[in-house]
Each structure stands twice: as C-alpha cells, then as structure tokens.
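Presented below is the structure to which this report refers.
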C-alpha cells in the first residue's frame with residue numbers, strides 16, 4: 001500500500017511538529033518571534049509553579065514577585081534547553097523554574113517583600129516615561145501628556161490585559177459603561193497597529209506582567225532599549241487616541 005503523503009497543513013497543525021519548528025527557529029535561527037511564542041506557550045506552567053510556592057510561603061511576599069522569579073526560571077530554561085535530546089520542555093523546565101523561585105524567595109530582603117511587584121512595575125514605567133523637560137515650550141501641554149501617559153498605563157492594567165485574582169473589581173458602573181467600552185475598543189485597535197517591537201513590549205509588560213529586565217532577556221534587547229520602546233509605544237497610543 002502506498003504511504004500517504006503528508007501535506008504542509010498537516011505538519012503545521014500537528015502540535016508536536018509545530019513546536020519542533022518553533023524550537024528550530026528560536027534556537028538555531030535566532031528567531032525572536034518564535035522565542036516569544038515559546039515563552040507565551042509555557043508561561044502558564046511558570047505561573048502554576050509560582051502559585052504553588054505562593055501557597056507555601058512563610059512570610060509576606062507579593063505573588064507578583066514570585067511570578068517574576070518563575071518567569072526568570074522559564075527564560076533560563078529556554079536558553080539552556082536542547083530540543084535534540086528528546087526530553088519534553090515542560091518536564092525539563094518545571095524543576096528549573098521551581099528552583100529559581102525557591103532561590104529568589106531566599107534572596108529577598110524584608111524590604112523587598114514589603115514593596116510589591118506591581119508597585120515596582122509602575123515605578124519602572126514612570127522612569128521610562130521620563131521627567132518633563134526643564135523648560136518645555138508648553139508646560140501645561142507637557143504635564144497633560146504625562147498625565148495621559150500614566151492614565152494609559154493604568155487602563156492597560158485595568159482592562160483585562162493584566163488580571164489578578166486578588167485585584168479589585170475594576171468593571172465600570174452602568175453610567176461609565178459606554179465610555180469605558182469605547183475607550184477600551186479604541187485602545188485594543190491601536191495596540192494591533194503598534195510596530196512589532198513596541199507591541200511585544202506592551203504585551204509582555206501589561207498582559208504577562210514581565211519587568212523590563214525580563215522583557216529585555218526575552219527579546220534579546222538591552223533594558224534601556226525596552227524602556228525606550230515602552231515610552232515610544234505609549235506616546236504613539238496617546239497621539240492616536242486623541243484623533244478618535
């Protein structure tokens with residue numbers, strides 16, 4: 001009996017072969033999009049490991065901090081994994097993520113534990129947006145731009161891009177509903193139009209909750225470049241939304 005020839009579509013839709021293709025492009029062709037796709041695919045594993053350690057914690061440590069340690073362990077596993085050995089990545093990565101979480105929790109000082117990860121992420125954004133110029137041509141306009149930029153960051157957090165089981169209910173009241181939905185739709189549309197590099201920074205920072213340092217590791221960029229891309233993306237969103 002003549003063997004059936006596989007089509008390209010069958011190969012692409014086969015999860016095992018699709019992942020093998022991602023590893024080949026990420027590891028041997030240094031393809032950044034494939035690396036990000038693999039990270040996104042296994043971020044649920046990292047969060048599940050973080051959740052277990054959060055349940056075992058013996059002192060006040062913010063869950064966001066534990067997740068950052070888990071993301072760091074996942075990034076390290078992505079770099080060290082050899083797909084040619086035939087070991088499933090999940091089985092390879094889980095103990096490494098858990099080990100990095102445990103090490104990170106031991107390294108944390110009491111002061112670090114008191115300053116939650118969400119607060120640190122917001123401070124990072126503030127530094128990214130930068131201070132207003134010493135003598136801007138229009139001080140009020142510059143201040144207004146900064147206020148809008150900060151509000152955009154809060155909206156990106158509060159519109160479902162970053163969800164936290166312990167967060168307060170940010171759903172709008174009936175009076176705010178229409179304006180909220182319109183603004184949310186406008187932001188979602190503009191996010192799709194961002195350049196790839198800016199879109200990746202916004203996705204990973206606001207959707208996944210990665211720090212700039214971990215985004216830099218994921219995207220093979222410097223931390224300073226990630227900060228620049230974040231500022232550029234927020235500036236671009238502000239300018240476009242003003243035309244809606």
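No value in this document is a laboratory result; all are computed from the given coordinates. A quick note: this is a predicted structure, and the numbers were derived from the prediction, not measured. Because the Cβ atoms are built from the backbone with ideal geometry, glycine has one as well, and the counts that use them run over all protein chains shown.
Gain on full extension, evaluated as 0.36 nm per residue between residue 123 and residue 213 minus their Cα-Cα distance, stands at 31.1 nm. If R0 equals 41 Å, the separation of the Cβ atoms of residue 30 and residue 235 corresponds to a calculated FRET efficiency of about 0.90.
Neighbour counting of Cβ atoms within 10 Å sorts the residues 206, 81, 71, fewest neighbours leading, into 81, 206, 71. Which of 222, 37 has the fewest other C-beta atoms within 10 Å, and how do the rest follow up to the most? Ordered by Cβ neighbours within 10 Å, fewest first: 222, 37.
What the Cβ-Cβ distance of residue 56 and residue 16 gives, at R0 = 30 Å and to the nearest 0.05, is a FRET efficiency of 0.35.
Ranked by how many other Cβ atoms sit within 10 Å of their own Cβ, fewest first, the residues 229, 194 fall in the order 194, 229.
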